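The structure appears right after this line, and notes come after that.
Derivation of every value follows stated rules applied to the coordinates shown; laboratory data play no part. Quick caveat: nothing in here was measured; it's all calculated off a predicted structure. For neighbour counting, all protein chains shown are included, and Cβ atoms are generated from backbone atoms with ideal geometry for every residue, glycine included.
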Amino acid sequence: MSWDAETFVRDVIQNFFDAAPRFEEVDVLVDADAGRVRIEGPGTFDLDWVRYIGGTTKAGGGHAGQFGEGFKICALVALRDLGLQFRAGSGSWRIEALFVPNRVGDELCYRVWTDRERGGSFVELEGCKADLCSAFSEGRRFFHWPGNPRLGERLFSDGVAHVYRANVGEIYYCKQRRAEVPRIPFTLCIDEALPGIRRDRDRRALVTSQVKVVVREIASRLPLDLGIEVVKELSSTWERGSHFLESFVAGLAGSPRTAASRSWPDWVPEAWVAGDNSPRRYEINQHARRSGFKVAVSYLRTIGLRDAATLWQEAVRVVPPSELSAVDLIRLDLLAEGGRCLYPGKKPPIVVARMASRLGEYHRDRIMLEHGLLGGGFAEALSTYVHELCHAAGRDGDALFSDELTSALGMVVVEAERMAALRDAWNAAAVLAPEDLARARLGETPVDPVAELLRMVGARSGSDAKRG
């Protein structure tokens, strides 16, 4: 077991903090020049409680001193790690900790004597270095008590969990300061042990996973409106997120109070959306940014923040076949033919949509194409369609997607004549009458729409020449 100076100071004072009815009755006397620290309090203890490892008053009983297992560990750390002289007393008892050599190593022992009766108890340390003296001078701030100068305005308390404003974010667990959370203007305290934190006998600083447990628990106890106010004040962490924000939101979103609430308060800022985590997250989040939104971490959507995916979907309106023109329909046939020539894999049906945010979108059961492509050039429409078909192999940048796209580009060269004919037919569709286009698509005998369109254009050109 290894403790830093703060942990040692906190645990020495903890014995008096637990024993005193009021922490103000505990004196921490520091003589930095002499390297001496003395802590005095009104509680008393029986020598038997500190004589044996395993003896403790923490479970209650007739002794108020609260000097138990932690006291013995403090004595060990004082001698072994800090090189201090460690003395204590209560009533008429006095003890001094020391190491006694034996066959298996040094053994922690106590020299015991009696002195005049005195009220309360004390611990005295000699040989303290400057940093240890400084830590003892600040020792009262390591505890959750009304006089702690680091606690600001109290925002919430249910008797066990507490939230305060603070200049420096801190976590107090079981009434001890156990973690600092930078850039967080709140201090969170919970006075009881939580089942989500494993045995905590050495009482060192809480690790990140333990801090998350404490933050989630406290957030789950807060009134919804206060929880939302805390989240709003953490807006500087919305874009990149933080362990604190994620845990706080998880606790707030999972609260029974939240589940029982029919609607969220009107708090959601118009400038923000929660980011997307799907395979298309880059496109979806970029669309939100191009639309003037700031993109926050995705988990904020669990407490009502509008999400980027919803924004993305709202920008899409499927165009039903009944609204497509004859030119649109024949050009869809030409795209399908081009896809057949260039891409050998499965080809989901094409769905035409008005999509302000992108030209195409791949889904396993459909390929969505921007309606405006059908009114533009053949090259842009076909390249978009084939690009989306290749997404069956992976996302942009994936090796398999790149391989499929490379293969399709190679087929453009192989099928150069067919691509030129498709391009000519695409352009021809714009000059034919709707009834001619319908015949090219729906003739009673199978026809090649490309050849049929070119034949019709040729026939029309000949008729125009004769009339001329």
In degrees, nearest ten, helix 399-414 long axis to first principal axis of the chain (Cα): 10 degrees
Electrostatic dipole magnitude of the range 268-314 [Cβ: Lys, Arg +1; Asp, Glu -1; Cα centre; debye, to 20]: 120 debye
Under Karplus coefficients 6.51, -1.76 and 1.60, residue-wise ³J(HN,Hα) of the range 421-431 in Hz, glycine/proline x: 5, 5, 5, 5, 5, 4, 5, 5, 4, 6, 10
Relative contact order %, the range 144-261, counting alpha carbon pairs below 8 Å whose residues are six or more apart: 19 percent
With Cα atoms, 0 to 90° folded angle of helix 5-19 axis to the chain main axis: 60 degrees
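Taking the Cβ-Cβ separation of H243 and T114 as r and a Förster radius of 60 Å, what is the calculated FRET efficiency to the nearest 0.05? Don't skip to the end; give the middle numbers.
On the way: r = 52 Å, r/R0 = 0.87.
That gives a FRET efficiency of 0.70.
Can you tell me which of 409-419, 270-280 comes out highest on packing, and rank the rest after it, using the mean Cβ neighbours within 10 Å?
Numbers: 409-419: 13.3, 270-280: 18.5.
Sorting 409-419, 270-280 by mean packing, highest first, produces 270-280, 409-419.
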Nearest-ten-degree value, helix 378-390 long axis tilted from longest Cα axis of the chain: 40 degrees
For the chain, convex hull volume per residue from C-alpha positions, Å³: 234 Å³
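Count of lysine pairs in the chain with Cα atoms under 20 Å apart, counting only pairs 8 or more residues apart in sequence or on different chains?
Numbers: K58/K72; K58/K175; K175/K212; K212/K232; K232/K294.
Lysine pairs meeting the criterion: 5.
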The range 264-324 and the range 121-172: distance between their alpha carbon centers, rounded to Å: 44 Å
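Hey, what did the chain get for relative contact order, percent, Cα under 8 Å, at least 6 apart?
Values: 732 pairs, mean separation 35.8, N = 468.
This gives 8 percent for the chain.
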Computed over the range 144-261, the ratio Rg/Rh where both radii use C-alpha atoms and Rh is Kirkwood: 0.93
FRET efficiency for A379 and E229, using Cβ-Cβ distance with R0 set to 60 Å, rounded to 0.05: 0.65
Gyration tensor verdict on the range 268-314 (Cα atoms; rounded if a/c is under 1.5, prolate if a/b is larger than b/c, oblate otherwise): oblate
Antiparallel bridges, percent of DSSP beta bridges restricted to the chain (to nearest 5): 80 percent
